[in-house]
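Just below is one structure, and these are the notes that go with it.
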Amino acid sequence: MKKIAYLTVIGILPALLTLSQPALKHSPADFDTYRAGIAHGKLDTVTYNSKTVDSKRRAVVYLPPGYTAKKTYPVLYLLHGIGGDEFEWLNQGTPQVILDNLYADKKLEPMIVVLPNGRAMKDDRATGNIMAPDKVAAFATFEHDLLDDLIPFIQKKYPVYTDREHRALAGLSMGGGQSLNFGLGNLDKFAWVGGFSSAPNTKKPEELLPDPDAAKSKLKLLWISCGDHDGLMSFSKRTHDYLEQKNVPHIFNVEPGIHDFKVWKNDLYLFSQFLFKPVDIDKYNMMISGGPASTNIRGSKYPFIQPDHRVLFRVKAPDAQKVQVDLGKKYDMVKDTAGYWTATTDSIGEGFHYYSLIIDGVATTDPSSQTFYGMGRMASGIEIPFDGGDYYALKNVPHGDIRIKTYFSTVTKSWRRLFIYTPPGYDASQVKYPALYILHGGGEDETGWATQGKTNMIMDNLIAAGQAKPMLVVMPDANFGGGFGEAGLKTFANEIKQCIIPFIEKNYRVNRTPQGRALAGLSMGGLNTLYTGIYNTDTFSYLGVFSSGWILPVQNSIADTQYDFMKKNAAKINSSLKAFWIAMGGKEDIAYKNCQVMLGKLDEMKIKHTYYEYPGGHTWPVWRNDLYKFAPILFK
């Protein structure tokens with residue numbers, strides 16, 4: 001037996017971050033420490049002709065490690081404060097060190113960073129009275145210098161993109177105000193805007209964004225941040241409040257600190273990781289300050305997930321005598337004078353969970369939540385954010401389709417439904433694709449893998465990364481009655497052979513050989529996979545059994561009969577199956593003991609198989625991961 005040790009969340013996180021935004025609210029301790037053993041960027045000091053102020057002006061330019069004129073780069077313009085100049089960031093913020101380290105950790109898109117002097121006047125040094133009216137006015141004049149002189153110069157001198165989607169503007173203090181004023185005032189020029197501890201030069205929110213809808217459609221990221229003990233917090237907070245009121249997506253990052261570079265270096269570390277890649281603002285906001293669950297119905301604030309994953313539930317039931325939240329553990333809710341019941345849970349594990357409200361003894365769904373078929377009925381569901389869930393996140397990659405089809409079953413003499421994932425480009429291709437038939441668990445149905453399982457997102461991302469072959473994924477209804485007896489197992493075996501596979505192979509371009517078919521399932525679906533797959537290795541060349549194993553002693557006779565068959569046919573099974581992949585959700589998985597007994601039997605009979613564990617119990621986070629790990633094995 002080949003064993004694969006499970007990977008903890010900590011173990012997989014660095015790899016995921018190469019494609020995602022920061023999963024930390026604050027930078028690590030050594031983020032700004034110079035590293036000798038890595039590739040380093042280069043600093044240029046350039047002089048450009050400013051028609052705006054009729055003089056030569058200077059800027060510092062950071063070129064990333066491996067810079068080459070043969071590649072085109074996006075640009076971040078990074079501005080200083082009222083007492084600084086083009087060297088302030090270098091002298092106090094060491095951006096070149098921070099960025100070098102981020103590149104070494106594969107957390108950053110290659111970009112050129114321009115550090116200009118934001119005091120646009122002939123004598124632009126930070127000398128004398130820096131608050132003098134002409135010097136303060138020069139910070140506003142810099143808008144024209146930036147747009148009309150500096151950006152054209154950079155575009156002429158360096159191989160940079162010239163569109164707004166590849167241009168970012170950010171700054172600290174006075175430069176933060178400039179960034180918000182100029183960036184939001186020129187949405188045709190900037191798609192990424194960041195204000196760090198923005199100063200009183202920041203325009204009032206109504207002036208910054210008179211047309212919130214334009215900002216919603218054009219901004220890739222609007223970042224506002226400030227230290228929690230910064231005397232200028234009010235300027236950031238009023239902008240944040242306005243954006244909240246107008247439903248403009250943005251990140252408001254409040255961090256420990258005052259008005260100094262400890263805060264601003266952390267801002268650069270976090271902000272830069274978002275740039276020039278797909279951004280999930282809701283996910284990051286959930287991590288740093290909590291928010292409504294993504295599984296809530298539109299506009300519902302509750303359930304509200306706090307950053308530590310405790311969940312606040314709220315429901316109105318003025319006439320009820322007792323209300324509880326049932327998440328496996330029951331939480332008593334408390335009623336207020338308006339008839340609202342509330343409760344806050346313990347910290348809930350990451351991923352998807354079914355739950356119910358129990359109102360005067362009756363289990364029901366939460367009117368604020370989406371519902372899912374699970375637990376043998378419609379139930380509410382809640383998705384707890386997962387730092388390691390990048391593999392099922394919606395990304396800017398080609399997307400396949402989920403198709404819903406109805407077919408007539410000659411086995412049950414009834415109409416039945418199944419879901420089918422077709423890979424990107426299916427309709428435009430003439431390729432015959434392999435097919436994975438994947439089964440839900442007990443108390444669920446054909447919607448399970450398509451909704452709770454996020455099959456389409458997992459497959460889209462794997463295919464885009466070249467980690468899995470493009471394939472169809474067929475998700476049928478595996479409910480046929482009979483409980484865990486052999487009748488139900490036998491009925492499903494007949495159904496998939498006589499009805500489901502023929503329907504798919506008649507209506508879709510698929511490989512019709514055993515080498516082009518895989519069968520997998522979770523829990524009850526794993527039992528169906530064992531029963532159907534082992535007895536039909538001339539139909540399926542790949543089997544995946546997730547969180548399953550013959551239930552003892554209830555299924556003793558079924559198991560014994562199959563083990564006897566496997567013992568007599570071990571050579572044929574081993575030669576026919578290209579993969580027999582068995583996975584568990586760790587020792588907390590309710591099927592763990594039954595599975596271990598089965599694994600022992602397989603070893604005894606010398607049946608080739610691979611075993612994999614991923615901690616999390618008998619839950620959808622585990623099964624999503626199983627699909628993520630199983631799909632790349634198939635059809636290679």
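For this structure, a couple of remarks:
- Test: residue in the range 224-232 that is over 23 Å from Asp308 (Cβ atoms), open to solvent by less than 70 Å² (accessible area, probe 1.4 Å), under 27 Å from the mean Cα position of the chain (by Cα) and at pLDDT 95 or above: yes
- Evaluation of Lys51 against (1) at pLDDT 95 or above; (2) over 23 Å from Ile112 (Cβ atoms); (3) not β-branched (Val, Ile, Thr) (one fails), failing number: (2)
- Positions within the range 488-511 being free of Cβ contacts under 8 Å to residues at least 40 places away in the same chain and open to solvent by 40 Å² or more (accessible area, probe 1.4 Å), in sequence order: Pro502, Lys506
- Selected residue (criterion: surrounded by the fewest Cβ atoms within 10 Å (Cβ to Cβ)) from residues of the range 47-78 that are within 18 Å of Lys157 (Cβ to Cβ) and of a type in the set (D, E, K, R): Lys70
- Residue that is modelled with the lowest pLDDT [pool: residues in the range 242-295 that are among the hydroxyl-bearing types (Ser, Thr, Tyr) and within 23 Å of Lys106 (Cα to Cα)]: Tyr284
- Single residue of Asn253, Asn181, Asn247, Asn201 found to be crowded, with 16+ Cβ neighbours inside 10 Å, in a loop (DSSP other than H, G, I, E, B) and either touching a strand residue (DSSP E or B) at 6+ places or on another chain (Cβ under 9 Å) or polar (S, T, N, Q) (or both): Asn201
- For the range 529-536, the condition of being closer than 30 Å to Ile463 by Cβ, in a loop (DSSP other than H, G, I, E, B) and polar (S, T, N, Q) holds for at least one residue.
- Once the range 411-434 is narrowed to residues that are touching a helix residue (DSSP H, G or I) at 6+ places or on another chain (Cβ under 6 Å) and in contact (Cβ under 8 Å) with a residue 60 or more places away in the chain, the residue that is nearest to Val474 (Cα to Cα) is Pro434.
- Between Gly81, Gly93, Gly128, the distinction of being of a type outside the set (D, E, K, R) and open to solvent by 30 Å² or more (accessible area, probe 1.4 Å) belongs to Gly128 only.
- On inspection, Asn528 fails the criterion of being without any contact (Cβ under 8 Å) to a residue 60 or more places away in the chain and of a type in the set (S, T, N, Q).
- Test: residue in the range 128-135 that is assigned to a loop (DSSP other than H, G, I, E, B), farther than 21 Å from Tyr48 by Cβ and of a type in the set (D, E, K, R): no
- Lone qualifier among Lys335, Lys330, Lys237, Lys301 - being closer than 26 Å to Gly389 by Cα and either open to solvent by 20 Å² or more (accessible area, probe 1.4 Å) or at pLDDT 95 or above (or both): Lys301
- Taking the listed residues Ala363, Ala343, the one that is open to solvent by 40 Å² or more (accessible area, probe 1.4 Å), of a type in the set (Gly, Ala, Ser) and part of a strand (DSSP E or B) is Ala363, with no other qualifying.
The values are calculated or read from the model by the stated rules, or taken from the named source; none is laboratory data. Everything numeric in this text was worked out from a predicted model, so none of it was measured. In this analysis, Cβ positions are derived from the backbone assuming ideal geometry, glycine residues included, and neighbour counts consider all displayed protein chains. Keep in mind that these areas ignore ligands, DNA and RNA; they rest on the heavy atoms of the full protein, side chains included. Shrake-Rupley method; radii C 1.70, N 1.55, O 1.52, S 1.80 Å.
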